[in-house]
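The values are calculated or read from the model by the stated rules, or taken from the named source; none is laboratory data. None of these values were measured; they are calculated from a predicted model. Here the Cβ positions follow ideal geometry from the backbone for every residue, glycine too, while neighbour counts run over all protein chains shown.
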Amino acid sequence: MQALNWTPALWLGFEPMDAMNRDFMTLLGRAQEASDGTVVTTWQALVAHAVQHFGAEDAWMRSEAFATAEQHTLEHRVVLNLLREGLGQAQGGDLAPARQMAGELGAWFSRHTQSLDAALALHMRRVTTTTA
Ligand SMILES: [Fe+2]
Ligand SMILES: [Fe+2]
């Protein structure tokens, strides 16, 4: 499993999104390192965070009629569904899917942050500096 380390490539320059991304990395790290007894609680925290994190980005995209909103929002929805599925299975006593997902989410997160999130952050930086 690949540990998720902060790199400058993940910095977006729009603090509300950077703060959420740091939180995501922290919570994913906890989920990756969870003992069998803490898989469910670390996943609950990760899912709760993802609801808020993805929801905030979706709301920004809606309010800005953002060009890649549809694809970005869809990716959020797919990943959130997978996270919820993993949590549900872990709550039912099957930890394997959550453990496998925790190992794979780092690569998804890096890709998502550097592509879809980066485009949104660039736009948000523009609109928040021109209207401030
Ligand atoms: Fe996103
Ligand atoms: Fe994000």
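As an exercise: evaluate S63 against (1) in contact with a helix residue (DSSP H, G or I) (Cβ under 9 Å, 6 or more places away or on another chain); (2) at pLDDT below 95 and give the number of the one condition it does not meet.
(1)
How about the range 22-35: which of its residues are in contact with a Leu (Cβ under 6 Å, 6 or more places away or on another chain) and of a type outside the set (G, A, S)?
M25, L27, L28
Would you please name the residue that is farthest from ligand 2 (Cβ to nearest atom), looking only at residues in the range 37-74 that are over 13 Å from A121 (Cα atoms) and of a type in the set (S, T, N, Q)?
Looking at residues that are over 13 Å from A121 (Cα atoms) and of a type in the set (S, T, N, Q), I get T38.
Enumerate the pairs (first residue in the range 36-63 and in contact (Cβ under 8 Å) with a residue 60 or more places away in the chain; second residue anywhere and of a type in the set (K, R)) with beta-carbon separation below 8 Å, excluding pairs fewer than 6 apart on the same chain, so at least 6 apart or on different chains.
Final answer for the pair search is V39/R99.
When the residues of the range 8-21 are filtered to those that are touching a residue at least 60 places away in the same chain (Cβ under 8 Å) and not in a helix (DSSP H, G or I), which remaining residue is surrounded by the fewest Cβ atoms within 10 Å (Cβ to Cβ)?
Across the range 8-21, the extreme among qualifying residues is G13.
Using the structure shown, decide if E70 is closer than 16 Å to F109 by Cα, among the charged types (D, E, K, R) and in a helix (DSSP H, G or I).
no
Quick check: anything in the range 109-129 of a type in the set (V, I, T), more than 16 Å from ligand 1 (Cβ to nearest atom) and free of Cβ contacts under 8 Å to residues at least 12 places away in the same chain?
The answer is yes, given that some residue of the range 109-129 is of a type in the set (V, I, T), more than 16 Å from ligand 1 (Cβ to nearest atom) and free of Cβ contacts under 8 Å to residues at least 12 places away in the same chain.
Please verify whether G88 is under 17 Å from the mean Cα position of the chain (by Cα) and either in a helix (DSSP H, G or I) or not hydrophobic (A, V, I, L, M, F, W, C) (or both), treating the condition exactly as stated. Spell out how you get there, then give the answer.
Values: under 17 Å from the mean Cα position of the chain (by Cα): no; either in a helix (DSSP H, G or I) or not hydrophobic (A, V, I, L, M, F, W, C) (or both): yes.
Judged against the criteria, G88 is not a match.
Name the single residue that is farthest from ligand 1 (Cβ to nearest atom) among those in the range 94-108 being among the aliphatic types (A, V, I, L, M) and touching a residue at least 24 places away in the same chain (Cβ under 8 Å). Break it down stepwise before answering.
Looking only at the range 94-108, we keep the residues that are among the aliphatic types (A, V, I, L, M), and these are 95-96, 98, 101-102, 105, 107.
Now drop any that are not touching a residue at least 24 places away in the same chain (Cβ under 8 Å), which leaves 95, 98, 102, 105, 107.
Working: L95: 27, A98: 21, A102: 19, L105: 13, A107: 15 Å.
Once the filter is applied, the top-ranked residue is L95.
Determine, yes or no, whether H112 is buried (at least 18 other Cβ atoms within 10 Å of the Cβ) and in a helix (DSSP H, G or I).
Details: buried (at least 18 other Cβ atoms within 10 Å of the Cβ): yes; in a helix (DSSP H, G or I): yes.
So H112 fits the description; yes.
If you go through the range 22-36, how many residues are surrounded by fewer than 19 Cβ atoms within 10 Å (Cβ to Cβ), of a type in the set (G, A, S) and part of a helix (DSSP H, G or I)?
The number of residues fulfilling the criteria is 1.
Is it the case, given these coordinates, that A31 is modelled with pLDDT under 95, small (G, A, S), under 20 Å from R111 (Cα atoms) and more than 12 Å from the chain's Cα centre (by Cα)?
No; evaluated as a whole, the condition is false for this residue.
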